[in-house]
Amino acid sequence: MGKTTGFLEFKRELPEDREPQERIRDWNEFHLHMPEEQLRTQGARCMDCGIPFCHTGLLISGMASGCPINNLIPEFNDLVYRGLWKQALERLLRTNNFPEFTGRVCPAPCEGACTLGYNNPPVTIKNIEVSIVERGWQEGWIAPNPPRVRTGKKVAVVGSGPAGLAAAAQLNKAGHSVTVFERNDLPGGLLMFGIPNMKLDKREVVLRRIKLMEAEGISFVCGANIGSDSFPADKLRQEFDAVVLATGATQPRDLPIEGRALNGIHFAVDFLTANTKAVLNPGRDTISAKDKDVIIIGGGDTGTDCVGTALRHGARSVAQLEILPQPPAARAVDNPWPQWPKVASMDYGQQEAAALQGQDPRQFSVLTKRFLGDAAGVREVQVADLAWTRSAEGRLQHEEIAGSERRLPADLVLLALGFVGPERKGPIAELGLKLDHRGNVVADGQRMTSVPGVFAAGDVQDHIYRQAVTSAGTGCMAALDAERYLDSLGLAG
């Protein structure tokens, strides 16, 4: 795979990004494209390692290792190196319904498990992936391909995020008639409203794929709040042969401390959703960070997206608080390859904030103690520093550092603390689905829920291992199980 000595000859290179001072003035994607010859050189670095951990899709120590949807990574790397782009696209589409999404927003556990990454910078798998699929769109190789024969079976997919779209695509390929129901005014779910436009363009990327799916025969019904009076869930069971529930884990984690009820404190998902709607429809109301001191609580990808969004609004200042300690510069002894590398890095939002404010906006090992304000809303956040140690059993533990308490100015606070599971109202409640102790929908080995003919896909079934790419993969698997169920109905008939 690749050039035999390529990993020794060529260094890892990524495409340049637009300059932070320039890109914060708009909502356009900030990654630039890499010339073909350079991409082929990067493909040459794939080292024919014998056992390619990059596509294993394992879960090690609770973290992803390798591609969760088992992309044939060494194969498409080799084909890119050889300039065989159409064949590379064919390999990529064998496992991945939407490489244009994963190639932009997936955190790339494949690169964390790359064998070359054991002692060198890993192969640029993610950039090669998105370059392959974009070449496919440009060349017209990606075109509507509706099934030649319809089975006569109808399937309802509830939720149009990664899992719902993947399930719909797979079931449609099998010849079933698929209708996707989405409660928002546009399809896409997390892809449309949970990820900012500068990371994943809505019109040029997300809606491009939706239009292709429509051309292949999939129907989308937006503004459909399943489980409400206007869209009862039981009606779906009556009108469709199977139902795939892909509503995600959309219940955000709260921070119930003193002052939480003050105005100006919002969940990150509400902030990002309102912003995307305003970007798509200028003039629409949004939660604005303009001329405000913004505090973002949470150090993950969602927190980073809030940083980038607040800067584009014209925030006066942005600070991002993380309760955990700062990761080390290199892998720790207890974080060996091929585990996901827990190492220090700066994502696009932090890079932009550093360019504007002169420093990384993140503050690590910080405990948020209370919100302070007045009748108009929040004005300050009281925090304290933490000292982290390990117990005799090796568990991380912390204690507050005496005298470290301080107040940070805040006109807008965004809670980016992750999600605790699916919403228990709506179709879950109306169908009476069985839940586990975490609040996830219980499904059997065929991903069928406690209600016959109703399947669970993506984060609604397991929100602990959350990634867009993982949701898409479980959507495909749920589609396969739903297809088997539909086949059994035909046999029974």
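The values are calculated or read from the model by the stated rules, or taken from the named source; none is laboratory data. Here the structure is a predicted model, which is why all the values come from computation and not from measurement. Methodologically, a virtual Cβ is constructed for each residue, glycine included, from the backbone with ideal geometry; neighbour enumeration extends over all protein chains shown. SASA here: full protein model, heavy atoms, side chains in, ligands and nucleic acids out. Shrake-Rupley method; radii C 1.70, N 1.55, O 1.52, S 1.80 Å.
Return only the number of the condition from (1) more than 18 Å from ARG447 (Cα to Cα); (2) under 19 Å from the mean Cα position of the chain (by Cα); (3) touching a residue at least 60 places away in the same chain (Cβ under 8 Å) that ALA166 does not satisfy.
(1)
What's the total number of residues in segment 278-309 that are of a type in the set (A, V, I, L, M, F, W, C) and under 24 Å from CYS106 (Cβ atoms)?
5
Taking the criterion of being in contact (Cβ under 8 Å) with a residue 40 or more places away in the chain, closer than 30 Å to LEU236 by Cα and either of a type in the set (Lys, Arg) or in contact with a Lys or Arg (Cβ under 8 Å, 6 or more places away or on another chain) (or both), would at least one residue in segment 71-88 satisfy it?
No, the conditions are met nowhere in segment 71-88.
Taking the stated definitions as given, is ASN28 open to solvent by 30 Å² or more (accessible area, probe 1.4 Å) and modelled with pLDDT of 95 or more?
For ASN28, the condition - open to solvent by 30 Å² or more (accessible area, probe 1.4 Å) and modelled with pLDDT of 95 or more - is met.
Specify the residue that is most open to solvent (accessible area, probe 1.4 Å); the eligible residues are those in segment 31-62 that are among the acidic types (Asp, Glu) and part of a helix (DSSP H, G or I).
GLU37
Does segment 33-51 contain at least one residue that is modelled with pLDDT of 95 or more, of a type outside the set (Lys, Arg) and in contact with a Cys (Cβ under 9 Å, 6 or more places away or on another chain)?
Scanning segment 33-51, I find at least one residue that is modelled with pLDDT of 95 or more, of a type outside the set (Lys, Arg) and in contact with a Cys (Cβ under 9 Å, 6 or more places away or on another chain), so the answer is yes.
Just checking, does segment 369-391 include any residue being among the hydroxyl-bearing types (Ser, Thr, Tyr) and farther than 28 Å from ALA274 by Cα?
yes
When the residues of segment 1-25 are filtered to those that are of a type in the set (D, E, K, R) and either open to solvent by 90 Å² or more (accessible area, probe 1.4 Å) or touching a strand residue (DSSP E or B) at 6+ places or on another chain (Cβ under 9 Å) (or both), which remaining residue is farthest from PRO52 (Cα to Cα)?
Filtering first and then ranking leaves ARG25.
With the structure loaded, tell me whether VAL130 is open to solvent by less than 10 Å² (accessible area, probe 1.4 Å) and either part of a helix (DSSP H, G or I) or not acidic (Asp, Glu) (or both) or whether it fails that test.
In short, no.
Is it fair to say ALA156 is at pLDDT 95 or above, open to solvent by less than 20 Å² (accessible area, probe 1.4 Å) and part of a helix (DSSP H, G or I)?
Judged against the criteria, ALA156 is not a match.
Restricting to segment 63-117, what's the tally of residues that are open to solvent by 20 Å² or more (accessible area, probe 1.4 Å) and on the phi > 0 side of the Ramachandran plot?
Residues in segment 63-117 being open to solvent by 20 Å² or more (accessible area, probe 1.4 Å) and on the phi > 0 side of the Ramachandran plot: 2 in total.
Among the residues of segment 136-153, are any among the aliphatic types (A, V, I, L, M), in a helix (DSSP H, G or I) and in contact with a helix residue (DSSP H, G or I) (Cβ under 6 Å, 6 or more places away or on another chain)?
Scanning segment 136-153 turns up no residue that is among the aliphatic types (A, V, I, L, M), in a helix (DSSP H, G or I) and in contact with a helix residue (DSSP H, G or I) (Cβ under 6 Å, 6 or more places away or on another chain).
I'd like the full set of residues that are more than 16 Å from THR247 (Cβ to Cβ) and assigned to a helix (DSSP H, G or I), limited to segment 159-185.
ALA169, GLN170, LEU171, ASN172, LYS173
Would you call ILE51 more than 30 Å from THR276 (Cβ to Cβ) and touching a Pro at 6+ places or on another chain (Cβ under 7 Å)? Reasoning before the result, please.
Working: more than 30 Å from THR276 (Cβ to Cβ): yes; touching a Pro at 6+ places or on another chain (Cβ under 7 Å): no.
Against the criterion (more than 30 Å from THR276 (Cβ to Cβ) and touching a Pro at 6+ places or on another chain (Cβ under 7 Å)), ILE51 does not qualify.
Kindly list, by first and then second residue, each pair from a residue in segment 242-261 that is of a type in the set (D, E, K, R) to a residue that is at pLDDT below 95, limited to pairs with Cβ atoms under 6 Å and residues at least 6 apart or on different chains.
So the pair list comes out as ARG253/GLY418; ARG253/VAL420.
Please determine, by comparing only the residues of segment 181-195 that are in contact with a Cys (Cβ under 9 Å, 6 or more places away or on another chain) and either of a type in the set (A, V, I, L, M) or over 29 Å from VAL149 (Cα atoms) (or both), which one is surrounded by the fewest Cβ atoms within 10 Å (Cβ to Cβ).
ASP185
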